[in-house]
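All remarks here apply to the structure that follows.
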Amino acid sequence: MESPPLSVVVPTIRGWPFAKLVLDPLREQAPRTGTEVILLDASGQPPPSKDEVGFPVRWLERPGASVFEMRREGYGLAQGQIIATTEDHCTVAPDWCERLIASHAAHPAAVAVGGAVENGTPGRTLWWAAFFRTQGPFMPPIPTGPTDRLVGAANLSYKRRMVERLGPEDGIHIDNLDMPALEPGEVLYADGGLRVAHHQPTSLWRTSVLDFHNGRATAGKRRERMGRQEWIRLGSMGVLPLYRTLRTYRTIRAKDRPAGTLERAMPAVAWLHLCQATGELVGYASGPGNSPSELY
């Protein structure tokens, strides 16, 4: 049986009907392009019927698993020549599947292709602040071409040969930390026209908690292999929130955004960077704990 040109892996801890958000934009383009869609669900809720979903989706129930564990499992199950991932709170553009396939075909040396991320919830200053902090470097416009840094799991894809070089499936998997090193001649490639919208309309408390857990999960993972860079990061924790806040401001100034949004968001951006750094300190000290299971 011929393998599909593209597999899309989506982990969720919120299940159905929340997952309609990510699946509905794939309803027409996945069958049109022969794309395989794999959704791994840790919610423990009943899965939807085939009629409710509206197109073929491989729905796998994984009660209690983290999004990191499910994404790694999904990579191993995917049959596509290209293996992509997005998040359950993202909506892909109507041409996303076609553009992914075309971008990989046009750049055979690109073992990973990432795109841009737009803010799907622009209604409040807090939501802009959370978006600036996490997705700011990948807001449009982003340069198209080889790069040394790609977007995270919101809009990321790999050629099969890259995924096949992954190690064992156990433990949490964070894409920008766990993917294999590039081999000679391979590149990472950014496609500025490959877009998804990111939706996170949460309260200040919930956003703060999520950023704490994000910091703890990431630092807990880094703790497994403390090298020079990790020790420098740990040693600079006292000033890191301020540095990151200033870096966010410099980055977003060059991005497309409503006038005044950045300036109004900066106090919340600074607070959220502090929440992340606090989580990192806990992660370096005691590991990731239950933080991976709290993230989506």
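Please treat every number below as a calculation from the coordinates, not as lab data. Just so it is clear, the structure is predicted and the values come from calculations on it, not from any experiment. So basically every Cβ, Gly included, is an ideal-geometry build from the backbone, and we count neighbours across all protein chains shown.
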If you average the C-alpha positions of the stretch 203-232 and of the stretch 28-106 separately, how far apart do those two centres end up, in angstrom? 26
Show me, bin by bin at 10 Å from 0, the whole-percent P(r) of the stretch 96-221 based on Cα pairs. 12, 38, 34, 15, 1
Which value in Å is the Kirkwood Rh of the stretch 188-296 over different Cα pairs? 15.4
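Note down the relative contact order for the stretch 1-128 as a percent, whole number, built from C-alpha pairs under 8 angstrom at least six residues apart. Please report the intermediate quantities before stating the final value.
Values: 212 pairs, mean separation 42.7, N = 128.
Computed value for the stretch 1-128: 33 percent relative contact order.
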For the chain, what proportion of DSSP beta bridges, expressed in % and rounded to the nearest 5, is antiparallel? 35
Between the alpha-carbon centers of the stretch 136-157 and the stretch 279-296, tell me the distance in whole angstrom. 25
With an 8 Å Cα cut-off and a minimum separation of 6 or more residues, compute the relative contact order for the chain in percent. 22
Correct option for Cα extents along the principal axes in Å [calculated from the coordinates] among (1) 56, 41, 41; (2) 50, 43, 39; (3) 59, 38, 32: (1)
Can you give the local net charge around THR33? Use residues other than it whose beta-carbon is closer than 11 angstrom to its beta-carbon, Lys and Arg +1, Asp and Glu -1. -2
Could you please report the charge total around SER203, scoring K, R as +1 and D, E as -1 over all other residues with beta-carbon less than 14 angstrom from its beta-carbon? +1
